[in-house]
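Below is one structure, written out as structure tokens, with a few remarks after it.
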Amino acid sequence: MTPSYLSTLATPLGPLAIHANEHALTEVRFVDGPLPLESPSPLTETAKAQLTEYFAGHRRHFSLPLAPAGTAFRQAAWQALQAIPYGETRCYADQAQTMGNPKAVRAVGAANGANPIAIVIPCHRVIGKGGSLTGYAGGLDRKARLLALEQGQPIT
């Protein structure tokens, strides 16, 4: 069995659970219930440090190995998300176009909703075509606050 590691991080938006295997991050999620027991590794601790810098407004890019589990389509959607620059947003149609599949808007939305590595794979940067905030596994309030952070507004 592959070893699994877990660290938690208190953030202004609530605690994050950071999961990794020996080689890469596998999951970063907001925790709305009891915190899981930690079994940290150097990688989960590095992720904690980089996420802390992000929330402090000092980090715009993450340098972490990632291994999100998902279909080939979801992997492509998550790669497209990582190409959206810090502080910018795209609509789902833009993301589908970037992926070379402009009719896959709903599938892109579903893939983003299944993103297992929040913030590091920035699905919060995708909004509705008219600029509305739509869908975010961590909740729309968190999405709005993450976007505000990336516009230079402190979050508390």
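The values are calculated or read from the model by the stated rules, or taken from the named source; none is laboratory data. All values reported here derive from a predicted model rather than from experimental measurement. Heads up, the Cβs are rebuilt from the backbone with ideal geometry, glycines too, and the neighbour counts pull from every protein chain shown. Please note that ligands, DNA and RNA were not included when accessible areas were found on the heavy atoms of the full protein model with its side chains. Shrake-Rupley method; radii C 1.70, N 1.55, O 1.52, S 1.80 Å.
Structural remarks
- Helix 42-55 and the longest principal axis of the C-alpha atoms of the chain enclose an angle of approximately 50°.
- Computed E for THR71/GLU22 - FRET, C-beta separation, R0 25 angstrom, nearest 0.05: 0.60
- Taking all protein chains together and a 1.4 Å probe, the residues LYS129, LYS48 rank LYS129, LYS48 from largest to smallest accessible area.
- Shape category assigned to the chain from the gyration tensor of Cα positions, a/c cut at 1.5: oblate
- The distance separating the Cα centre of the range 12-33 from that of the range 100-156 comes to 17 Å.
- Within the chain: Cβ-based charge dipole about Cα centre, in debye rounded to nearest 20 (Lys, Arg +1; Asp, Glu -1): 520 debye
- Relative contact order (%) - the range 1-113, alpha-carbon pairs under 8 angstrom, separation at least six: 19 percent
- The calculated P(r) of the range 34-122, using every Cα pair and 10 Å bins from 0, goes 15, 42, 31, 12, 1 in percent.
- Label-point separation, ASP141 to MET1 (7 Å along Cα→Cβ), nm: 3.6 nm
- Label reach from LEU37 (point 7 Å along Cα→C-beta): in the range 6-27, amide nitrogens under 18 Å belong to 6-9, 17-20.
- Heavy-atom accessible area ranking, 1.4 Å probe, most first, across THR8, THR98, THR71: THR98, THR71, THR8
- Average accessible area per residue (Å²) across the range 7-156 - probe 1.4 Å, nucleic acids and ligands excluded: 49 Å²
- Anisotropy class of the range 6-66 from Cα gyration tensor, a/c 1.5 cut: oblate
- Computed with every protein chain present, the accessible area of ARG90 is close to 80 Å² [probe 1.4 Å].
- Projecting label points 7 angstrom from Cα along Cα→Cβ for SER63 and GLN151 puts them 3.0 nm apart.
- Pairwise label distance in nanometres, THR134 with GLU53, each label 7 Å out on the Cα-Cβ vector: 3.5 nm
- On Cα atoms only, tilt of 140-150 relative to the major axis of the chain in degrees: 90 degrees
- Counted by Cβ distance under 15 Å from THR134, the other residues give a net charge of +4, where Lys and Arg count +1 and Asp and Glu count -1.
- Fraction of accessible area attributable to carbon and sulfur, the range 4-84 (%, probe 1.4 Å): 55 percent
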